[in-house]
Amino acid sequence: MFHRLVALVAVLLLWGATASAQMLTVSDGTRSIAYSEEELLALPQHRLVTNNEYVPEKTAFRGPLLRHVIAPLDPSADEVIKATALNDYAVEIPVSDALDYKVIVARYRDGTPMRIRDKGPLWIIYPLDAHADLTPADTNHKLIWQLDSLRIK
């Protein structure tokens, strides 16, 4: 029994090390980028204070702009980003949204790194309060949390 417990702990530790090494994958079908947490945090960070239906009050989020995260793949405004969560839930986000608005890939909520149970570690956040044309009816489904990958198509 003890050996099984030790083996389980070793697997969990190794999985944790692997999971922290790669936080987000961005691809376009031919090229792929695996961002670590450190690489995402090395991108220019933006703070966004906004409301959405999933938080009880105005909340401060911080992370890189989505446009900076996808920029190495040079997507065009007419393409779409398939954003997929850890549980395989997926939404489509127009690349034009990333270019037209300061959409962020939030890592921090109110100054604290988000955990999986807190909708983390990454959450796509739109500047809803800054743009009247970003209505909850049209935007809430794009606020994907527990973000795992972005595929440009």
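Summary of values
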item: Conditions (1) touching a Pro at 6+ places or on another chain (Cβ under 9 Å); (2) free of Cβ contacts under 8 Å to residues at least 60 places away in the same chain; (3) in a loop (DSSP other than H, G, I, E, B); number of the one not met by residue 68; result: (3)
item: Flag if residue 104 is surrounded by 14 or more Cβ atoms within 10 Å (Cβ to Cβ), touching a helix residue (DSSP H, G or I) at 6+ places or on another chain (Cβ under 7 Å), closer than 16 Å to residue 148 by Cβ and modelled with pLDDT of 95 or more; result: no
item: Hits in the stretch 74-101 (condition: surrounded by fewer than 19 Cβ atoms within 10 Å (Cβ to Cβ), of a type in the set (Ser, Thr, Tyr) and part of a loop (DSSP other than H, G, I, E, B)); result: 76, 89
item: Filter result (of a type in the set (Gly, Ala, Ser), out of contact with any Ser or Thr (no Cβ under 6 Å at 6 or more places or on another chain) and either in contact (Cβ under 8 Å) with a residue 24 or more places away in the chain or buried (at least 20 other Cβ atoms within 10 Å of the Cβ) (or both)) within the stretch 118-153; result: 120, 130
item: Residue match in the stretch 38-57 (condition: within 16 Å of residue 25 (Cα to Cα), of a type in the set (Ser, Thr, Tyr) and surrounded by 14 or more Cβ atoms within 10 Å (Cβ to Cβ)); result: no
item: Subset of the stretch 105-137 [farther than 25 Å from residue 26 by Cβ and either charged (D, E, K, R) or touching a Cys at 6+ places or on another chain (Cβ under 7 Å) (or both)]; result: 110, 129, 133
item: Residue that is nearest to residue 134 (Cα to Cα) [pool: residues in the stretch 102-117 that are part of a loop (DSSP other than H, G, I, E, B) and without any contact (Cβ under 8 Å) to a residue 40 or more places away in the chain]; result: 103
item: Single match in 53, 79 (criterion: under 30 Å from residue 129 (Cα atoms), modelled with pLDDT under 95, in contact with a helix residue (DSSP H, G or I) (Cβ under 6 Å, 6 or more places away or on another chain) and not β-branched (Val, Ile, Thr)); result: 53
item: Scan of the stretch 107-117 for residues that are buried (at least 20 other Cβ atoms within 10 Å of the Cβ) and at positive phi, ordered by number; result: none
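Okay, residues lined up against (1) part of a strand (DSSP E or B); (2) within 20 Å of residue 91 (Cα to Cα); (3) among the basic types (Lys, Arg); (4) modelled with pLDDT of 95 or more:
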{"position": "120", "(1), (2), (3), (4)": "no, yes, no, yes"}
{"position": "132", "(1), (2), (3), (4)": "no, no, no, no"}
{"position": "138", "(1), (2), (3), (4)": "no, yes, no, no"}
{"position": "151", "(1), (2), (3), (4)": "yes, yes, yes, yes"}
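The values are calculated or read from the model by the stated rules, or taken from the named source; none is laboratory data. Everything quoted here is computed from the prediction, not taken from an experiment. Glycine also receives a Cβ, built like all others from the backbone with ideal geometry; neighbour counts cover every protein chain displayed.
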